[in-house]
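The block underneath contains the structure these notes are about, expressed in structure tokens.
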Amino acid sequence: MKQLTTTITQRGQVTIPVEVRRVLGVKPRDKVTFTIEGTEVRLAAVSYSLESAYGSVKPANRPEDFKQVSRVARDAKAEATIRKLRKA
């Protein structure tokens, strides 16, 4: 078993040594996970996350026109308010 030593900064951060990054196959912006078992901590690369999956699946429907959706919602709210005021 090989041991590598690094220093913890005042902000609680450490630099993962290049040899460890190579073994894990991680690069900047990749995610890692810590697993705690008693007093032992394991570091592993995260192979799947929402960020990594984003854009990998085509949406079932075309993106909605949010201006139109907003306009329809405002119109519906206005009509409901007018109906409420007429009853009062």
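Throughout, read-outs are computed from the coordinates displayed, never taken from laboratory work. Here the structure is a predicted model, which is why all the values come from computation and not from measurement.
Given springs between every Cα pair under 10 Å in a Gaussian network model of the chain, which of Ala45, Ala76, Ala53 has the largest fluctuation?
In the Gaussian network model the winner is Ala76.
Residue by residue through the stretch 71-85, which ³J(HN,Hα) values in whole Hz follow from phi under the Karplus form 6.51 cos²θ - 1.76 cosθ + 1.60 (θ = phi - 60°), with glycine and proline marked x?
4, 4, 5, 5, 4, 5, 5, 4, 4, 5, 5, 4, 4, 5, 5
Straight-line reach from Lys87: which aspartates and glutamates have a Cα under 16 Å away, not including same-chain ones fewer than 8 places off?
Within the straight-line cut-off, Lys87 pairs with Glu79.
Starting from the amide H of Val46, placed 1.01 Å from N in the peptide plane, find each other amide H under 5 Å away whose residue is 5 or more places distant or on another chain.
Residues meeting the amide H criterion: Lys31, Val32, Thr33.
When a/c reaches 1.5 or more, the comparison of a/b and b/c decides; with that in mind, is the stretch 13-88 rounded, prolate or oblate per its Cα gyration tensor?
Values: a/c = 4.96, a/b = 2.86, b/c = 1.73.
It comes out prolate by the Cα gyration axes.
List the lysines whose Cα sits under 30 Å from the Cα of Lys58, skipping any in the same chain fewer than 8 residues away.
Lys27, Lys31, Lys67
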